[in-house]
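Engineer: Submitted below is the structure of interest, expressed as structure tokens.
The values are calculated or read from the model by the stated rules, or taken from the named source; none is laboratory data. None of these values were measured; they are calculated from a predicted model. Here the Cβ positions follow ideal geometry from the backbone for every residue, glycine too, while neighbour counts run over all protein chains shown.
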Amino acid sequence: MAGKPGRPGAAKGGKGPTKGSGGKNKRSLEGRGPTPKAEDRAWHPAGKRKAAAERYAAAGGKPKPKVAGINRAPKAKAGDDTENVTGRNSVLEALRAKIPATAFYIAQRVEMDDRVKEMLSIATHRGIPVMEVTRPELDRMAGFDGVHQGVALKVPPYEYAHPQDLLEQIVETGQTPLLVALDGVTDPRNLGAIIRSTAAFGGQGLIIPQRRSAGVNSAAWKTSAGAAARIPVAMASNLTTTLKEFKKQGVFVLGLDGGGDVSLPALELADRPVVIVVGSEGKGLSRLVIETCDQIVSIPISSATESLNAGIAASVALYQVATIRAASE
């Protein structure tokens, strides 16, 4: 047989194994040394900030001074369920009402009027962290179509009252209940406007259903102009059931509807304990709520106008009730 038999599976023409590495892998075994600091790495954000500061200093610039007592704000954590109250009136009212805020945000180079000075004073006195942020950051916190006026306050999720507890507290103080219930109002700005009107005309609180309703969020806070800090909002698991329970306790349920059988100026129940129910702009009052109402009240308006905004309708009705009550005293 020609040739020498080879070992099965052996590579042909290859050399045998070499003893040792000859120092070829010595450098890889030594490692790369300690990791440099973030500010010493040119590609790292900290390194870029350091380089920019050095260039600024070399050009004769001075470091930007910080406002006393104000820190740079950290970015919000994912899943944060807190609310941001924005606007000078809303933030100031929330601070005055001692809402348990976790941070007060103020824009860089904000105009320091009396309200801002009072906010800073209250926040400092209560130990609330004061954070300096850019206006774009405040824009993000205020959300779409939000107006922050250079300030924002981070507060925990709104704590809703129980409808029965709300009614009992009003009765215990010797007041005649004047409440507003919302049936299908899903715009938080309408909710905020109605909270504000309730406070303006002597109402003691609102009731919203747990489902298919706007909640007290940052938009409602802003529109209420701070009234959300003074007027409690109760949440009912079932609005119709709650209204029926109120009726058993002597509260009259008045529904607002354009086709009502009683005109608002002719209302005779204004001096009694009442809850005014406002429906959504599109569908109005639901069938079950209409069946629960003691009276369906209409607001006289020009024939050229089809209907009123939910917030405006509530304001007109509250004003009428407040006027009648003031005249009867």
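Engineer: Tell me which residues, restricted to region 276-298, are of a type outside the set (Ser, Thr, Tyr), modelled with pLDDT of 90 or more and in contact with a Ser or Thr (Cβ under 9 Å, 6 or more places away or on another chain). Walk me through how you get there before you give the answer.
Structural biologist: Kept after step one, since they are of a type outside the set (Ser, Thr, Tyr), are these residues of region 276-298: 276-279, 281-285, 287-291, 293-297.
Right, trim to modelled with pLDDT of 90 or more and you get 276-279, 285, 287-291, 293-297.
Hits for region 276-298 are Val277, Gly279, Leu288, Val289, Glu291, Val297.
Engineer: Going by what's in this entry, would Glu159 be described as charged (D, E, K, R) and more than 24 Å from Ile122 (Cα to Cα)?
Structural biologist: no
Engineer: Take region 152-175 and flag every residue that is in contact with a helix residue (DSSP H, G or I) (Cβ under 7 Å, 6 or more places away or on another chain) and in a loop (DSSP other than H, G, I, E, B).
Structural biologist: Scanning region 152-175 gives no hits.
Engineer: Next up: Restricting to helices (runs of 4 or more DSSP H) lying wholly in region 225-329: which have 3 or more residues that are among the charged types (D, E, K, R) and within 21 Å of Gln164 (Cα to Cα)?
Structural biologist: Correct list: 239-248.
Engineer: When you scan region 83-105, do you find a residue that is aliphatic (A, V, I, L, M), at negative phi, free of Cβ contacts under 8 Å to residues at least 40 places away in the same chain and buried (at least 20 other Cβ atoms within 10 Å of the Cβ), even just one?
Structural biologist: Taking every residue of region 83-105 in turn, none turns out to be aliphatic (A, V, I, L, M), at negative phi, free of Cβ contacts under 8 Å to residues at least 40 places away in the same chain and buried (at least 20 other Cβ atoms within 10 Å of the Cβ).
Engineer: Hey, does region 114-129 have a residue that's of a type in the set (Gly, Ala, Ser), surrounded by fewer than 20 Cβ atoms within 10 Å (Cβ to Cβ) and over 17 Å from Lys222 (Cβ atoms)?
Structural biologist: Among the residues of region 114-129, at least one is of a type in the set (Gly, Ala, Ser), surrounded by fewer than 20 Cβ atoms within 10 Å (Cβ to Cβ) and over 17 Å from Lys222 (Cβ atoms), which makes the answer yes.
Engineer: Let me ask another. Quick check: is even one residue across region 186-201 at pLDDT 90 or above, in contact with a helix residue (DSSP H, G or I) (Cβ under 9 Å, 6 or more places away or on another chain), of a type in the set (Phe, Trp, Tyr) and assigned to a loop (DSSP other than H, G, I, E, B)?
Structural biologist: Looking for residues that are at pLDDT 90 or above, in contact with a helix residue (DSSP H, G or I) (Cβ under 9 Å, 6 or more places away or on another chain), of a type in the set (Phe, Trp, Tyr) and assigned to a loop (DSSP other than H, G, I, E, B), one finds at least one in region 186-201, hence yes.
Engineer: Moving on. Can you name the residue in region 202-216 that is crowded, with 19+ Cβ neighbours inside 10 Å and not small (Gly, Ala, Ser) and, of all such residues, is farthest from Ala101 (Cα to Cα)?
Structural biologist: Taking the candidates together, the pick is Pro209.
Engineer: To continue, here is another question. List the residue pairs whose Cβ atoms are under 9 Å apart, where the first residue sits in region 215-229 and is closer than 8 Å to Arg189 by Cα and modelled with pLDDT under 80, the second is charged (D, E, K, R) and part of a loop (DSSP other than H, G, I, E, B), and the two are 6 or more positions apart or on different chains.
Structural biologist: From residues that are closer than 8 Å to Arg189 by Cα and modelled with pLDDT under 80, the pairs are Ala219/Asp145; Ala219/Asp187.
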